[in-house]
Each structure stands twice: as C-alpha cells, then as structure tokens.
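So the structure is just underneath, and the comments pick up after that.
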Amino acid sequence: MASSNRDWAWLPINLLYSIAEKIVKFSDYKHFSAVCQRWRHHALELATDDYKQRLHILKTCHNKLPMLMIDTKENHESDERCLFSVTEGITYRVQLPLPCNKRFLGSSFGWLFTVEDKTMVIILLNPFSGGAIPLPPLKDPHGDYEDYINDDPEHFVTKVVLSSDPFLSPNNYEVVVIYGPMHRLAILESGKDSWNFVDRAPFVYSDVIYYPEGQGRGLYAVNYWRELVKIDMGSSTKEVLTKRTAADAQVTYLVQSQEGDLLLVERFWLKPDCEIWKTWRFMVFKLLRSIGETGATTWVPIKSLGSQALFLGDNHSVCVSTLEFPECLPNCIYYTAQYHIDVPPYVCQGIDEDSGIFSLEEGSFQSHYLSDPLNMNVLPPIWFVPNMKGT
C-alpha cells in the first residue's frame, strides 16, 4: 500500500506555479511561503513587488521590531505608505488600507488608531490584515469639551494603548486613552458599549502601560508631576505609588525592559531663540520595591540600558533586545517628534522635527531618518510594529 504521507516540499514546479497564480490576497502568500524553504523561494519569485516588500518586512521585524511609518505628500493621493527600517536604512513603500490626512493617535500590538471627526469614534486599524474595529464614542460625562473637539478633534485624544492584541484576544482586551486638554484617562473593555472614566482630578497623564502583576497585568500611568499611579480597572480609581522629586522634564514614558523591570524615561526639551523645541536630554529610572510590610516603591536612576534599545514617541513604548536585533544601537533611545505640552491649559504647541537617536553612554544625538525637505507640514511619523498575525 502506498504511503499516505506526501512530501509537499517537492511538489512539481508546474503545480507550484499553478497554485501561486491563483493567489490574490497577501495572507495567502504568507501561508504559501510558510510551507517550507522551497515554497518560500518560489513565493518570492512570483509575488508582486508589494507582496515582496511585505514578506521582507515580516522576516525583518518578527512582530517585535518597530519601523517608522512616515507621511509624505505622495501618500495623500494613494494607499501607498512608507515604512522606514532603522536597522537597514531602507524605506519600504507598501500598499496599506489607511485613511489619508489623518493623524494616528498611537500604535500598539501592530494596530494604529484614528478618530472620526466630532463623533469621537476611535477606530482600531491593522493595516497588514485590513482589520478595523470601531469603538463606542468617547463622551466624557465629567467634561464639556465641545469647542475643543470641534476645533481639533484629532488631538483631543493624545495617546491610545492596548492591553493585548485584539486579534489574539478578541473577547479579552482593553483600550486605554489619554484624552482632553487636561489629559485624563478612559478605559474600554472589549465587548462593552461605554467607557470607564478615571475620576475628574486633573492628573495630566503622560503615558500608560499594562505591566505584569501576579497572574495578569496591571494598569499603571505616570503624570506630569512624575507620580506613578496604579489604576483599579474595576472601580476606575487610582493609587499613587511613588513620585519623582525635582523633575522638570516635559514628557515622561513608561516602558517594560527585556528583564521585566518597569522603567521611567524623562525627556527634556529646550527652545533656543527663534527655534523650535528640541530634545536635549533623556534620563532613565528603574522602579524598585522595598522588602517589608510597607512595600514602598522608588525610582532609581540607571546609567545604562545594556543590550537594549527603547523606541519612544506617540506609540506604545517599546523595548527591544539588541542581541536579537544587532543592527539596533545598544544603550540608545530611538525617539520621534511629539506635540509639546508644557504649560496650562496643556494644549498642543505644534509639530517639530525633533527625532533621532540618543546614546545614554555618550549623551550624544544622531539622526535615524532624514526627512525630505519637500515633505514639510505633513503628519508626524510614528513607531509601528508590523503585525501580520491576523493576515
């Protein structure tokens, strides 16, 4: 009796080509190329240029390494988007179903976020899978921000962060937004039709993170007074855990290190005469918990990230291993320009060209992407981790 096992790796070439010719979706190319090395080789031979770009991005990033999504004037007339690889110094142009002329409110787990004007419906978009998830309108019962929303709806929401990938956990994820002129917090549980608003106190939050805690993940936030706040998602109340004193940084970030430590990063701006705001310094701290009944926490400054690199900006803050991605510079911070918010009423001051790489060891700066002078007055770039799990 003939064996029922088949060696698909050595399927005749004419049959391989026949299968490949019938592929119309990128998700099918991805599955085709995953069968074995021989099928992957022929997939690259037969794929369109756009699919080749996507397959190479998938291989390069491993769903971990951020790329810089760049807006250009050309993007406004097509679905083509530019993704810049900081490790290769290459700009990829791929066809992605993303709205034109809209600011991305953030990126998290391979998803991008936009908002519908005035309705304040936030849309979750996975540009590689084509997935789109509309959320309930963000209507704060505690604040009257109608004029602010009408004037600048895309900047009413400062940042959006996910607790997990909606594709992998469609019924068990949360969305957190920093919103409004006083940068309050709102939380949405998947499947719910309304947001939970953390109390009315003007805490002016700068960043949020889901951090491992026991068997799950707790929600932590940092505000402009450097207070680390733990949010009880059930009651939407908060507990201040620790505070940094004598800090005058304009923006702070929370990020989990590769070792599992919670890091606080402070970013300092300086505005020379008649110039735009520029970052001139970063400081990094690690959270330490004391042993004992009090369980007190404190921020301890660190001078080195070791074999790690941070990617900071409007995105969900990311830490990557430079041992896994040796083309990334170790002990460095890759950052993008952000809106500057430094005095009440904490409104946006404008976009600048404040992007680059900061070396913690040397205290020096260098560029990671040189923008085209013809592409001035475009939307700010954002770090984005290509996620093709849903394709």
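Structure values in brief
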quantity: Residue that is surrounded by the most Cβ atoms within 10 Å (Cβ to Cβ), among those in the stretch 246-265 that are farther than 12 Å from L287 by Cα and among the hydrophobic types (A, V, I, L, M, F, W, C); calculated: V251
quantity: Subset of the stretch 297-320 [surrounded by 17 or more Cβ atoms within 10 Å (Cβ to Cβ) and part of a strand (DSSP E or B)]; calculated: W299, Q308, A309, L310, F311, L312, V318, C319, V320
quantity: Filter result (modelled with pLDDT of 80 or more and out of contact with any Phe, Trp or Tyr (no Cβ under 9 Å at 6 or more places or on another chain)) within the stretch 131-151; calculated: A132, P134
quantity: Residue match in the stretch 335-353 (condition: under 22 Å from S307 (Cα atoms) and either modelled with pLDDT under 75 or out of contact with any Asp or Glu (no Cβ under 9 Å at 6 or more places or on another chain) (or both)); calculated: no
quantity: Residue in the stretch 182-194 that is in contact (Cβ under 8 Å) with a residue 60 or more places away in the chain, assigned to a loop (DSSP other than H, G, I, E, B) and out of contact with any helix residue (DSSP H, G or I) (no Cβ under 6 Å at 6 or more places or on another chain) present; calculated: yes
quantity: Residue that is nearest to the chain's Cα centre (by Cα), among those in the stretch 107-118 that are at negative phi and part of a loop (DSSP other than H, G, I, E, B); calculated: E116
quantity: Residues within the stretch 162-181 that are touching an Asp or Glu at 6+ places or on another chain (Cβ under 6 Å) and outside any strand (DSSP E or B), tallied; calculated: 1
quantity: Residue tally, condition part of a loop (DSSP other than H, G, I, E, B), at pLDDT below 85 and not charged (D, E, K, R), over the stretch 354-380; calculated: 8
quantity: Selection within the stretch 88-115 - buried (at least 16 other Cβ atoms within 10 Å of the Cβ) and at pLDDT 85 or above; calculated: F104, L105, G106, S107, S108, F109, G110, W111, L112, F113, T114, V115
quantity: Inter-residue pairs, beta-carbon under 6 Å, first within 19 Å of W195 (Cβ to Cβ) and in the stretch 112-140, second basic (K, R), 6+ apart; calculated: T114/K102
quantity: Of all residues making up the stretch 152-177, the number that are of a type in the set (S, T, N, Q), in contact with a Phe, Trp or Tyr (Cβ under 9 Å, 6 or more places away or on another chain) and surrounded by fewer than 21 Cβ atoms within 10 Å (Cβ to Cβ); calculated: 1
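The values are calculated or read from the model by the stated rules, or taken from the named source; none is laboratory data. None of these values were measured; they are calculated from a predicted model. For neighbour counting, all protein chains shown are included, and Cβ atoms are generated from backbone atoms with ideal geometry for every residue, glycine included.
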